[in-house]
1. May I ask you to list the residues in the stretch 37-82 that are small (Gly, Ala, Ser), farther than 18 Å from Asp323 by Cα and either within 16 Å of ligand 1 (Cβ to nearest atom) or touching a His at 6+ places or on another chain (Cβ under 6 Å) (or both)?
2. Evaluate the stretch 107-129: report whether one residue or more is modelled with pLDDT of 85 or more and either open to solvent by 10 Å² or more (accessible area, probe 1.4 Å) or over 28 Å from the mean Cα position of the chain (by Cα) (or both).
3. Pairs, please: C-beta under 8 Å, at least 6 apart or cross-chain, first residue farther than 14 Å from Arg318 by Cα and without any contact (Cβ under 8 Å) to a residue 40 or more places away in the chain and in the stretch 40-51, second within 13 Å of ligand 1 (Cβ to nearest atom) and open to solvent by less than 30 Å² (accessible area, probe 1.4 Å)?
4. Looking at Asn407, Asn456, which is the one that is within 23 Å of Arg280 (Cα to Cα), out of contact with any Phe, Trp or Tyr (no Cβ under 6 Å at 6 or more places or on another chain) and of a type outside the set (Ser, Thr, Tyr)?
5. Looking at the stretch 48-66, which of its residues are crowded, with 18+ Cβ neighbours inside 10 Å and more than 16 Å from ligand 2 (Cβ to nearest atom)?
6. Within the stretch 131-147, which residues are within 14 Å of ligand 1 (Cβ to nearest atom), open to solvent by 10 Å² or more (accessible area, probe 1.4 Å) and modelled with pLDDT under 95?
7. Could you list, in sequence order, all residues of the stretch 373-395 that are buried (at least 20 other Cβ atoms within 10 Å of the Cβ) and among the aliphatic types (A, V, I, L, M)?
8. Hey, which of the strands (runs of 3 or more DSSP E) in the stretch 261-362, taking only ones fully inside, have at least 1 residues that are among the aromatic types (Phe, Trp, Tyr) and within 11 Å of the chain's Cα centre (by Cα)?
Amino acid sequence: MSTETFEFQVEARQLLQMMIHSIYSNKDVFLRELVSNASDALDKLRLEALRDDSLGADVSDLHIALETDPQARTLTVRDNGIGMSRAEVVELIGTIANSGTASFLRELKEAGDSSAATQGLIGQFGVGFYSSFMVADEVTLLTRRAGESQGTRWTSSGEGTYTVETVDDAPQGTSIVLRLKPADTEDQLYDYTSPWKLREIVKRYSDFITWPIRMAARPAEQPDAEADAEPDPGTEAEPETLNSMKALWARSRDEVTDEEYHELYKHISHDWTDPLETIRLQAEGTFEYQALLFIPAHAPQDLFLQGYKRGVQLYVKRVFIMDDCEALMPQYLRFVKGVVDAQDLSLNVSREILQQDRQIQLMHRRLAKKVLSTVKDMMSAHPERYATFWREFGRVLKEGLLGDPENRDAILGVSSFATTHDKDQPTTLAQYVERMKDGQEHIYYLTGESRQTIENSPHMEAFQARGIEVLLLTDPVDEVWVDTAPQFDGKEFRSVAKGEVDLGTEEEKQQADTEREQQQEQYAPLLTWMAAQLADQVKEVRLSSRLTVSPACVVTDTHDVTPALENLYRAMGQ
Ligand code: ADP
Ligand code: MG
């Protein structure tokens, strides 16, 4: 196949334009992105080689190499990892398949053209490989997939088109040559051919990468070195390894800075924002493992879509085994990212085996409890942070009220709900219970589509009149869990739309009872008449104590489904 020229997808073109004219202040991160991709590629190759003896790939010296040429103003990032086939290059590099980037563009459209907004969004979503164009005016990627004989060269200046060409003599893995923009090499601060600069960037962003990141030694940088001086093969210096490769999760807390944790988070999550919370866990004893978990600061766009990849990375004795290990994290904590490194698992362990492994199940439980207890601590220690957490992930977490009975109390304990008590601030159940009126035995709630529909419901009248607080539940999942989580702190949940409401003190109740008996007699003929008229529509017609303004309302029996659920079932054709 000869050289083919392709046009970038529209979205990709927009993104590249932004990179080329980037006003993003922190350009150094392009190297973090390229190193992160190279590291992933090495992980993938080691795994594939482990599973497939016939792959025929050389895995003896897996590493990342940085090479510079100040005269030609180029920086090369090379790895001998899995590489890409020609089709993969076109698919992965020419289009925007990455969901993070897709949502980035969506938000960008909404934000308009303001450069401040753009800056913020770049920082939030990250743009992976394309960030190369922040510092380069031409990028050449040469790659050969392990096990294949031919390689592929991809070249672009980021201006609308790219070329793809098949080549015969490409080494296994991927090398990316950046032709650096002139402006950057003139400015000392942004000279990416400077060993000093590269050392600093790698140390800051990629120190924990488990593969060596090497910088080839250049002949000593003497300005007046003779032009024709041949490097002496005998005295050629060893390449320098720039990163410490220390697994952060295996080091004690006081040896690691928050920034280092955050960089690891960014590498595994492909997020460019710092996490909200970092969670460490070291389990000793018969089944030893270390975990480093992160709660992101914002929910990904696809959190509620099918196919969302949940789970943490699994390592066995420092060797990367798999991404998205769902056996280690419950569905309702699918937003948690991180690394779990177990000492006593086989390197060949499969997803199927993991699902059944008893030790893994114990780990799963322990990790879930640890995340929940961290959120609980956050509530008291960092209320602002907790508020962010709840806004971003509350809806997902509540799924656990159905799926994880063992942790139901813990989940209720860290949950917040909209309430009639405060228009803007949600309330925790503990706060609700503290505010309960004398004689109030239950936690009252009403479900509905929006705060407004609930507040306008006639069911609310008696509660409003008496100043009794009601939780306003508007998430679809609320409808279901309230039926299964009958208690918090010994108090039952009661829908204000269900059955008899008994509000008030004993004395008030007695008085009300007497009044009611009298009214009952007085209105008996009317009720009988109405019941007969509405026989096909309702089970029963009775006098109500719940209304103060509206003349009538429809209620369901205490054990019946609510009107909203009835609608839901009807919509589902049941
Ligand atoms: P992301 O890493 O978030 O998927 P990138 O834009 O950084 O997004 O990379 C896009 C894809 O291109 C990667 O997912 C990977 O499949 C492929 N890729 C990038 N760099 C390499 C590399 N050095 N070796 C192999 N594949 C790579
Ligand atoms: Mg990437």
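1. Ala57, Ala65
2. yes
3. From the stretch 40-51, the pairs are Lys44/Gly81; Lys44/Ile82.
4. Working: Asn456 fails: within 23 Å of Arg280 (Cα to Cα).
None of the others qualify; the one that does is Asn407.
5. Selection gives Ala49, Ala57, Leu62, Ala65, Leu66.
6. Gly147
7. Val375, Met378
8. On the way: elements: 277-283, 289-295, 312-316, 319-325, 337-342.
Correct list: 289-295.
The values are calculated or read from the model by the stated rules, or taken from the named source; none is laboratory data. Note that the structure is a prediction, hence the values are computed from the model and not measured. When we count neighbours, we look across all protein chains shown, and the Cβ atoms used for this are built from the backbone with ideal geometry, even at glycine. Just so you know, the surface numbers come from the protein's heavy atoms only, side chains and all, with ligands and any DNA or RNA stripped out. Shrake-Rupley method; radii C 1.70, N 1.55, O 1.52, S 1.80 Å.
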